[in-house]
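Here the structure comes first, spelled out in structure tokens, and everything after it is commentary.
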Ligand SMILES: NC(=O)c1ccc[n+]([C@@H]2O[C@H](COP(=O)([O-])OP(=O)(O)OC[C@H]3O[C@@H](n4cnc5c(N)ncnc54)[C@H](OP(=O)(O)O)[C@@H]3O)[C@@H](O)[C@H]2O)c1
């Protein structure tokens, strides 16, 4: 299998590391911004696009790779359920993929696993699903400076508020995508999603791998998203991210509660590492994407990602 990596950041570097140990796979890249067409026009069996979170930015690159006859896996959070952001672009790319008989998939650890694929797996042992709650706490030091700034790290209170207003600070992107993946699979009509984000300002300096954060600026944040169905809260997503979770009074963990007549509670301690986990889900999706029917699919349309 030929795989080409578009984007020369943390995700691509980790995918290259995992792929180095896999037999029968030849890898080209990672290719940075200036060289990305070498991946997109490579005609590889799968092009992995790990550049941006936003559909408007990865859309043209996905199109180029599809036109060259490649299946595409993108880590872009908005690519996990493209209909939620731009249904017209999603339809256009789905049609292009069907015409070229290739598959597009948006995945990673989140979205792509914790808040959707793992939730759906957990619902498999419930008799009925009344409500879903997912809680994740994640350490931030391993993220690139660009990602940390977009998430909202290293800002004064005023800068943080302005950044949220301007849309330059987003917190983690992907909860609406995960909720819609789960809702569609369970046949639930999601009416609206209420987002909330609160910064956590650091009491001391924090040293990340790629960014130093000074005391008094945002060292983390908490997000609460609630998805409503049938006029009531149905899906609760609670996410804490920090340069040092202990300073926020918690530790890395992932927990899922499926409430109903036969409740299910799944707890992962310590929580799944974002860098290790995302590269694993992407690489472990290569085969399922190559074998999938054509079109833009979600993780709910495919068998589980497995390392074979
Ligand atoms: N679904 C998931 O679970 C998941 C998991 C991890 C990451 N992600 C997302 O995947 C993306 C990549 O993550 P990462 O950690 O590898 O980021 P990163 O370390 O910041 O690297 C991003 C790479 O892509 C390039 N790039 C950024 N924006 C671009 C654009 N608009 N067009 C072309 N190239 C661009 C960067 O080039 P420059 O250095 O020149 O800017 C860099 O080479 C991020 O948006 C991240 O939020 C999703």
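Laboratory data are not the source of any read-out in this text; all were calculated from the coordinates shown. Quick caveat, the model's predicted, so the values are computed rather than measured. Positions of Cβ are backbone-derived with ideal geometry, glycine not excepted, and every protein chain shown enters the neighbour counts.
Side notes on the structure shown:
- Residue in segment 60-73 that is within 11 Å of the ligand (Cβ to nearest atom), touching a helix residue (DSSP H, G or I) at 6+ places or on another chain (Cβ under 8 Å) and more than 30 Å from residue 227 (Cα to Cα) present: yes
- Single residue of segment 195-211 satisfying the filter (surrounded by fewer than 19 Cβ atoms within 10 Å (Cβ to Cβ) and within 16 Å of the ligand (Cβ to nearest atom)) that is farthest from residue 10 (Cα to Cα): 197
- Filter result for residue 34 (exposed (fewer than 14 other Cβ atoms within 10 Å of the Cβ) and either touching a residue at least 40 places away in the same chain (Cβ under 8 Å) or within 14 Å of the ligand (Cβ to nearest atom) (or both)): yes
- Candidates in segment 115-160 are the residues that are away from the ligand (no atom under 14 Å from the Cβ), part of a loop (DSSP other than H, G, I, E, B) and in contact with a helix residue (DSSP H, G or I) (Cβ under 8 Å, 6 or more places away or on another chain); of these, the one that is farthest from residue 305 (Cα to Cα) is 155.
- Hey, residue 112 touching a residue at least 24 places away in the same chain (Cβ under 8 Å), within 11 Å of the ligand (Cβ to nearest atom) and surrounded by fewer than 18 Cβ atoms within 10 Å (Cβ to Cβ) or not: no
- Some residue of segment 181-193 being closer than 20 Å to residue 109 by Cα and within 16 Å of the ligand (Cβ to nearest atom): yes
- Residues located in segment 267-292, provided they are away from the ligand (no atom under 14 Å from the Cβ) and either closer than 26 Å to residue 239 by Cβ or in contact with a strand residue (DSSP E or B) (Cβ under 7 Å, 6 or more places away or on another chain) (or both): 267, 268, 269, 270, 286, 289, 290, 292
- Among the residues of this structure, residue 264 does not count as one that is in contact with a strand residue (DSSP E or B) (Cβ under 8 Å, 6 or more places away or on another chain), away from the ligand (no atom under 16 Å from the Cβ) and more than 30 Å from residue 127 (Cβ to Cβ).
- The residues of segment 274-306 that are outside any helix (DSSP H, G or I) and either free of Cβ contacts under 8 Å to residues at least 60 places away in the same chain or at positive phi (or both), listed by number, are 284, 295, 303, 306.
- Subset of segment 38-54 [closer than 18 Å to residue 97 by Cα and either within 11 Å of the ligand (Cβ to nearest atom) or part of a loop (DSSP other than H, G, I, E, B) (or both)]: 39, 40, 41, 42, 43, 44, 45, 48, 49
- Checked against (1) touching a strand residue (DSSP E or B) at 6+ places or on another chain (Cβ under 8 Å); (2) surrounded by fewer than 21 Cβ atoms within 10 Å (Cβ to Cβ), residue 23 passes all but a single condition, namely (1).
- Those residues of segment 77-114 which are in contact with a strand residue (DSSP E or B) (Cβ under 6 Å, 6 or more places away or on another chain), in a loop (DSSP other than H, G, I, E, B) and within 27 Å of residue 43 (Cβ to Cβ), in sequence order: 102
- Matching residues in segment 217-228 - criterion: being within 24 Å of residue 121 (Cβ to Cβ) and crowded, with 18+ Cβ neighbours inside 10 Å: 223, 225, 226, 227
- Considering residues of segment 1-17 that are more than 8 Å from the ligand (Cβ to nearest atom) and buried (at least 24 other Cβ atoms within 10 Å of the Cβ) only, the residue nearest to residue 32 (Cα to Cα): 5
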